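Heads up: the structure comes next, in structure tokens.
Values in this text are rule-based calculations from the coordinates and carry no lab data. What you see is a predicted model, and the numbers here were worked out from it, not measured in a lab. With ideal geometry, Cβ positions are generated from the backbone for all residues, glycine too; neighbour counts draw on all protein chains shown.
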Amino acid sequence: MSNILEQEKFYGDHSSNRTPVDTNIDRDSSMKYWNETPATANAMLGDLGNFSWYSRIDLRGSANFLAKVRRLSPGTMTHEKFKLGVDCGAGIGRVTNGFLRHVCEVVDAVEPVEKFASIIREESHSHDGLVGDVYVTGLENWLPMKKYDLIWCQWCVGHITDIQLTEYIVRCRAALTETGIMVIKENLSTEPTGADMYDDLDSSVTRSDQKFRELFKEAGMILITSEIQLGFPKKYKLLPVRSYALRPKVRD
């Protein structure tokens, strides 16, 4: 999701007589937005000027969070690299190149926009053997055929509905190794009543913390731990970002 600045959005409502806000998601509109977005790190992160400061804080926060998760996960080696990870909603590979390549021997990528996926393929030549398969498809259609030690999903699930997100997590649950971990890192809704927020710029939904936790439970996942990303300057009025580390209730 490109819109990481707080601004006026369409708010959903938890009451039963309102249409769920995720029904506003339109895949064609989302794809049109991203296909018209330049394939640069600045464009991926939104209008924040020089993206490097934001990305640096984000990637450092992700690395620290994963280190904590590994210490809390029985059977997970805390110092060795994961054998196989996957970057879901990979964009042009910012997270793969800036973070996942340091903790995984091989990283697959899932990215629906071909021009972004092509950059991941091109840059993979500079990291021999690091990037594995690149799947040009949306999360709602991705059917993992491998077992992953780490599934990383960041700033992309807002483009799929609640039902699609639950189904996606269920598929990921089945694709984890015995000690595998799934991490979802996303913006959180700031609507006062806790409702989700719809952004018609890129046709995406920003969910509440409560909604995420409900969907994780419905998908058969246990929350290992969760934390808010710290370090972003308050003057930018950015949406809060939270990371969730998940494992299956019962290993498949």
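Under the convention that each Lys and Arg Cβ holds +1 and each Asp and Glu Cβ holds -1, the size of the dipole of the chain around its Cα centre is about 1040 debye. Applying a 4.7 Å Cβ-Cβ cutoff to the chain, the cysteines left without a disulfide-compatible partner are Cys104, Cys156, Cys172.
Every Cα-Cα pair of the range 34-145 was included, and the share exceeding 24 Å stands at 29 percent. Per residue, the chain reaches -8500 deg cm²/dmol at 222 nm when only DSSP H runs of four or more residues are counted, each adding -39500 (n - 2.57). Highest mobility in the GNM of the chain, judged by mean-square fluctuation with C-alpha springs under 10 Å and restricted to Gly75, Gly180, Gly158, is found for Gly75.
Counted over all Cα-Cα pairs of the range 30-248, pairs farther apart than 26 Å make up 31 percent. Partner lysines whose Cα lies under 20 Å from the Cα of Lys235, excluding those fewer than 8 positions away in the same chain, are identified as Lys9. Straight-distance candidates among the lysines for linking to Lys146, with alpha-carbon spacing under 19 Å and chain neighbours fewer than 8 residues away dropped: Lys81, Lys83.
DSSP beta bridges fully contained in the chain are about 50 percent antiparallel.
Taking packing as the residue-averaged number of other Cβ atoms within 10 angstrom, the listed peptides 238-249, 52-63 run from highest to lowest as 238-249, 52-63.
Rounded to the nearest angstrom and listed largest first, the equivalent-ellipsoid semi-axes of the range 199-252 from its Cα gyration tensor are 26, 16, 8.
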